[in-house]
Amino acid sequence: MEEDRAPSRAGGLVKLHNTLGRRLVDFSPIEAGHVRLYTCGPTVYNVVHIGNLRTFVFEDVLRRHFLGRSERVTQVMNLTDVDDKTIRGAQEAGLSLGDFTAKHAETFFRDIGRLGIQPAEHYPRATDHVPEMIALIRRLEERGHTYESEGSVYFRIATFPDYGKLSGIDLEQTRRGDRVADDEYEKEDVKDFALWKATKPGEPSWPSPWGDGRPGWHIECSAMSMKYLGERFDIHTGAVDNIFPHHENEIAQSEGATGQPFVNVWLHAEHLIVDGEKMSKSKGNFYTLSDVLERRNDPAAVRYLFLSVPYRKKLNFTWEALSGAAAAVDRIRSAAVRIAEVSRAAHRAGGFPSAERATEFRKSFTAALDDDLNTPEALAALFNYLREVTAATDDGTLDAEGAVVAREALAAGDGVLGVLPAAPEVLPAEIEEKIAARNAARKRRDFAESDRIRDELAERGIVLEDTPGGTRWKKAGSV
Ligand SMILES: [Zn+2]
């Protein structure tokens, strides 16, 4: 498994903590210089909470770090727009599944845009990929991993000896033939799980070789990741609560169908807790990004707070910690402003070894991120550097030329951290939001609105292309 990997392009090796095997591994992509990354996306049945957003920011930093190392990244983030939760939510709201999920997809894109999360290359929606899911279940069927019961198809875990290798569950506890129809269940309940669910009254359904029905949640991610990234790819991420059953089942489905390893490295972000307690609606400590921004309108501070704790540690969200994060962001911003001023100033003594210090900073910053994405360590490197540079602006030893070097070093660091104000341009997340709104309009057959959105984007130089895999966008004039 190790021999066929090519070395990474820039710098030393990136070390990542692989949940599969629970150890730190030297990462190198299957194709040199190209990282293929699947990040489990939102189930669009509610407004995502800040715990979900912590995971998405971690994935964004991972992505930006590879880009900063001059690697190409292909990131796929799915939108689960049909599963137990979305169906229940749509029924309760009295909306069609499409209208219900479009609304939540829109707020999702709004929230990740506000946090400066770079858009993934693909945002496949489950409802657009049912044929791929059916094809994958057929492959599992041919290889003897499934059985049918009353129009539903189940994965027989006894046919996959590696079952449990990710989560470490004890298969001895399971009773052969016990099965579970729900998408979510606990470790203690390890059972044969549903790949395809027979239709129920009032539920959306698709035709299949087993009769009308709908996919189970887990098969969605197997089918969509393999479609966009290949049957074997580099990194798959999610939150720790995805390890079982979701990712365990994804491995069983994908490896069961292909007979080869599915993913090289699995990464999982720990939970976010609030004031030391699990976030829950009943405790009143459940926050969406809007809740937080209402009290303190500083998305960069939220992002910084997420980065101040390593992704594998629980993050304790408190208002005090958020204030601390806001103060830290202010320090970075005012340092950036002062450096910019000096870069335009004349007649300064000089003498500060700007190039050397910038190189040292870049090295230690990258080394921290190479070490399983140690963001607090990277922030420490940044503040060390900014302390030196601002001291040199105070005593006049930083000259204009040196300030240009410092400005570039800071920009490179912020390319990963993403806390400095962005250049006023059309943000990709904003475009994704418009596309989601346009899809919603098309679903309710409001073609006037859908055309209006298309024209509005065209005016801003963004061309939309409708493909079987969803709507894509590009800048006018680009290929
Ligand atoms: Zn998933």
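Read-outs: derived from the displayed coordinates by stated rules, not from any lab. Only a predicted model underlies this, so the values are computations on that prediction, with no experimental measurement involved. Quick reminder, even Gly has a Cβ in these numbers, built from the backbone with ideal geometry, and neighbours come from all protein chains shown.
Descriptive notes on the structure:
- Equivalent-ellipsoid semi-axes of region 251-329, from the Cα gyration tensor, Å, largest first: 34, 16, 11
- For region 21-104, taking Cα atoms only, Rg and Dmax work out to 16.8, 50 Å respectively.
- Cβ-Cβ distance of Lys313 and Arg88, R₀ of 56 Å, FRET efficiency by 1/(1 + (r/R0)^6): the value works out to about 0.95.
- With contributions of -39500 (n - 2.57) from each DSSP H run of at least four residues, the per-residue ellipticity at 222 nm computed over the chain stands at -14500 deg cm²/dmol.
- Whole-Å distance, taken between Cα centres, linking region 285-316 and region 348-423: 24
- The share of C-alpha pairs in region 145-269 whose separation exceeds 18 Å stands at 52 percent.
- Region 11-44 and region 100-141 have their alpha-carbon centroids 21 Å apart.
- Where a label projected 7 Å from the Cα of Ala135 along Cα→Cβ would reach, residues of region 194-237 with amide N under 13 Å: 223-231
- Residues Asp60, Asp182, Asp414 arranged by fewest to most Cβ contacts within 10 Å: Asp182, Asp414, Asp60
- By the Cα gyration tensor, region 1-160 has an equivalent ellipsoid whose semi-axes, rounded to whole angstrom, run 31, 25, 13 from largest to smallest.
- Along each principal axis, Cα extent of region 131-188, largest first, Å: 32, 22, 18
- Across the options Ser225, His246, Pro209, the greatest Cα extent toward the positive end of the charge dipole of region 184-248 (unit charges at beta carbon of Lys, Arg, Asp, Glu) belongs to Pro209.
- Net charge dipole, the chain: roughly 520 debye, given to the nearest 20, about the Cα centre with Cβ charges of +1 for Lys and Arg and -1 for Asp and Glu.
- At 1.306 mPa s and 10 °C, Stokes D of the chain from Kirkwood alpha-carbon radius, µm² per second: 66
- Fraction of C-alpha pairs exceeding 13 angstrom in region 74-144: 73 percent, rounded to a whole number.
- Cleavage-rule hits (chymotrypsin sites (Phe, Trp or Tyr not before Pro)) in region 160-220: DSSP loop, at most 16 neighbouring Cβ within 10 angstrom: Tyr185
- Range of Cα positions in region 264-400 per principal axis (Å), largest first: 62, 40, 20
- Short-range pairs are left out: with C-alpha atoms under 8 Å and at least six residues apart, the relative contact order of region 142-188 is 24 percent.
- Relative contact order (percent, whole number), the chain, Cα cutoff 8 Å, 6+ residue spacing: 18
- Sites listed here are trypsin sites (Lys or Arg not before Pro) in region 150-197 whose DSSP assignment is loop and whose Cβ has at most 12 other Cβ atoms within 10 Å: Arg175, Arg176.
- Take every Cα pair under 8 Å whose residues are at least 6 apart in sequence, average their separation, divide by the length of region 9-141, and the relative contact order is 27 percent.
- Degrees between helix 84-93 axis and first principal axis of the chain (Cα, 0 to 90, nearest 10): 90
- Computed from point charges on the beta carbon alone (+1 for Lys and Arg, -1 for Asp and Glu), the dipole magnitude for region 1-119 about its Cα centre is near 460 Debye.
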